[in-house]
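Just so it is clear, none of the values below were taken in a lab; they were calculated from the coordinates. Keep in mind that what you see is a predicted model, and the values were worked out from it rather than measured.
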């Protein structure tokens, strides 16, 4: 990331003047922005051609004089000529921030493209390099912004003194405000009236103020397959609320960093052949953090309840009486199916979908997989790269056709994914030279209905292995 040449901030203009030198279209554009503030906006020009429709301004149609900048917070110059040069010189002499329209080199500040939901303001600036891009980004953000966000901000501000009196802990206060601004109940109440919103907010405050102190909360959160834009909105919100983020090794750093900046981050990474911390220690850590009053985000790759050992962690939390909840994520099997547009259930072909882990599977399990696949189910095999050939051979031995379609997706759901397609017999010869990363193996007749046009043929891989 490059360094900024400007520092974004909000500048106080209440009770002061904002002077715009110019009376044409550029002056009108600036006036539309600054009349959103409580400042007195003054238009000064010898020739005012715009009528500034609907804007609360003071019009001064004459030559500029230095006294025009008395009690002035900001100066915009939106014309050229003698008056413009005099105004620039006087603004610089007085140390008043100056913006010369369309001349970035002469500007002390730039006017961002901003969204106003008083008292909330969101500004997008390109330091004058790409104003059109800034406007487009502003429009995109504005479309996603809740319509009552300004009303909600004023409600939060009106409660500040009462919150400080009832909730002494900074962490507990922060949790109250996080709940307040994300609560659907508050938003619904505000849609009826501000008074109703305040009533519901006060009830929420009473609940937070009377909660037992020292008790935390643990959320088991699915991080999805690794792409940050596949994280759920709920997961993203809870990461922002967490005091501590306890994450697995497979969760990319870009997802971990979506948490609050000051949140503690603890990696409890476990990878094949390298267990830096035992499951028992992880369970103990979650309980300890919650007992310290922390809000804990236990961030797991994929979905917590699918090969995420969530059952053991949930059992430990229940046993110790720790409040907890689970937030689902997109599991690797569904990400692999999406990457290849593979309908894992398909009318008249596959009536169901079985997910299983290849590691530790005995012959009876493999025989069971073969039997149900033969009855029209698609198999999604996790953690199977190193044992893929053995599992494929055992499936064939258990009765599956060697011609059964097979797709392998490495790093499913991520930009660096790689695809491989072929038949079960080819898989039984081995795939040890495929790209590094977790592999998901899809097996069944429905796999052939996917889009594997970008895939490498398994036959090529197996011939290399041979």
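See the values below:
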| read-out | value |
| --- | --- |
| Gap separating the Cα centres of the stretch 150-181 and the stretch 372-421, nearest whole Å | 52 Å |
| Between 0 and 90°, nearest 10: helix 149-158 axis offset from the chain longest Cα axis | 70 degrees |
| Share of Cα-Cα pairs in the stretch 333-465 lying beyond 21 Å, as whole percent | 30 percent |
| Cα radius of gyration and Dmax for the stretch 174-263 (Å) | 15.7, 47 |
| Of all DSSP beta bridges in the stretch 333-465, antiparallel share, percent nearest 5 | 65 percent |
| Added length on full extension, which subtracts the Cα-Cα distance from 0.36 nm per residue, residue 253 to residue 199 | 15.4 nm |
| Cα gyration tensor category, rounded, prolate or oblate, for the stretch 17-111 with a/c compared to 1.5 | rounded |
| Principal semi-axes in Å for the chain [√(5λ), Cα gyration tensor, largest first] | 59, 31, 19 |
| Cα-based equivalent ellipsoid, the stretch 217-330: semi-axes from gyration tensor eigenvalues, Å | 19, 16, 13 |
| Degrees between helix 363-374 axis and first principal axis of the chain (Cα, 0 to 90, nearest 10) | 70 degrees |
| Kirkwood hydrodynamic radius of the stretch 149-210, from inverse mean 1/r over distinct Cα pairs, in Å | 11.4 Å |
| C-alpha long axis of helix 388-397 to longest principal axis of the chain, angle in ° | 40 degrees |
| The chain - mean residue ellipticity at 222 nm from DSSP helices (-39,500 (n - 2.57) per run, n ≥ 4, rounded to 500) | -11000 deg cm²/dmol |
